[in-house]
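Notes follow once the structure below has been shown.
The numbers here are math on the coordinates, done by the rules we state, and not lab data. Keep in mind the model is a prediction, meaning the values are calculated, not measured. Note: ideal-geometry Cβ built from the backbone for every residue, glycine included; neighbour counts use all protein chains shown.
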Amino acid sequence: MRTIPAFLLSLLILAPAARAQSVSPADFAAQLTLLRAAALLSVRAQKPGPSLTPAQAHAKIEADLVGSGVPASYADAVFADPRARIYPQIPGYFGGGSATAEIPYDQYQKYVLTASRISMGAQFVRDHRALLAQVEARTGVDGTLLTALAGVETLYGTNTGRFQVIDALDTIVQKVPRLSDWAAREAAAFLEMTYAQGLDAHAVLGSYAGAFGYVQFEPSSYQRFAVDFDGDGSKRLDQWPDALGSAAHYLVLAGYRTGAPFTPDSPIGRSLFAYNHSDNYVRGILDLRAAILQRLP
């Protein structure tokens, strides 16, 4: 589940300064605060400019690939693929309204705390009990909390998005000028990932803002926070070991503290807020976790 607040957050936390492998949780939290403020000011200050042509957009993305090891011919082939498309509805998702507006929580929870989502969550815990225990043992992050996060983000992996990620980002580069630079960097990061893993770039589906996988990372978030939890040599967010391990890794860097209370204002709640800059999101995950626990023996 990626809202405008979450998207803006991803624009901040995925900036080059926040490198998960080289900062402590305290440094990460400090950088996060500064980056969030700077990026919000930057986005608000930008005036809409003209849309880019496909050639201009692709040149912009390929400029961000320089030095990455990804040949220009690879990017050219992706953009020339007959499956490539522009999504006309995506620009509307970024237009107008407050970036921080939220519906009342009593309305939000109707979409999150459904009987099916709770029962599916309890079944997920039963089906993945050993893996959740491994992630918790290695990272300290509560397995049922990770289950609830996956339940809110993608309904336990059953709804990872309907947009071809590379084309969603290409659409933003071309059609949402104020976010063109950000989307070009994300598109470049995505192509780095698909090239390195030998993936079909057009086969990866995700959100309108480019988030993908079971726990919905943006491409540059994948670069900085994804982990190879199962040690098979790849970081796959469409496989539960790496997806849950990566989400746990992110939360720890965002300040998660084992033993803290499961409340919005605790280190656990604040780490969830870093994951998605939304009070409703934090409360929804915490309440879903509690509801799932009630269904377990």
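Observations, loosely collected:
- Of the helices (runs of 4 or more DSSP H) contained entirely in segment 93-178, those carrying at least 2 residues that are over 26 Å from residue 279 (Cβ atoms) fall at 115-127, 129-139, 165-175.
- Residue in segment 222-229 that is over 28 Å from residue 92 (Cα atoms), in a loop (DSSP other than H, G, I, E, B) and among the small types (Gly, Ala, Ser) present: yes
- Hits in segment 197-224 (condition: within 18 Å of residue 274 (Cα to Cα), among the hydrophobic types (A, V, I, L, M, F, W, C) and in contact with a Gly (Cβ under 6 Å, 6 or more places away or on another chain)): 212
- For segment 137-167, taking the residues that are of a type in the set (A, V, I, L, M) and over 27 Å from residue 203 (Cβ atoms), the one that is surrounded by the most Cβ atoms within 10 Å (Cβ to Cβ) is identified as 148.
- Qualifying residue in segment 227-236 (condition: under 13 Å from the mean Cα position of the chain (by Cα) and either within 15 Å of residue 272 (Cα to Cα) or not aliphatic (A, V, I, L, M) (or both)): no
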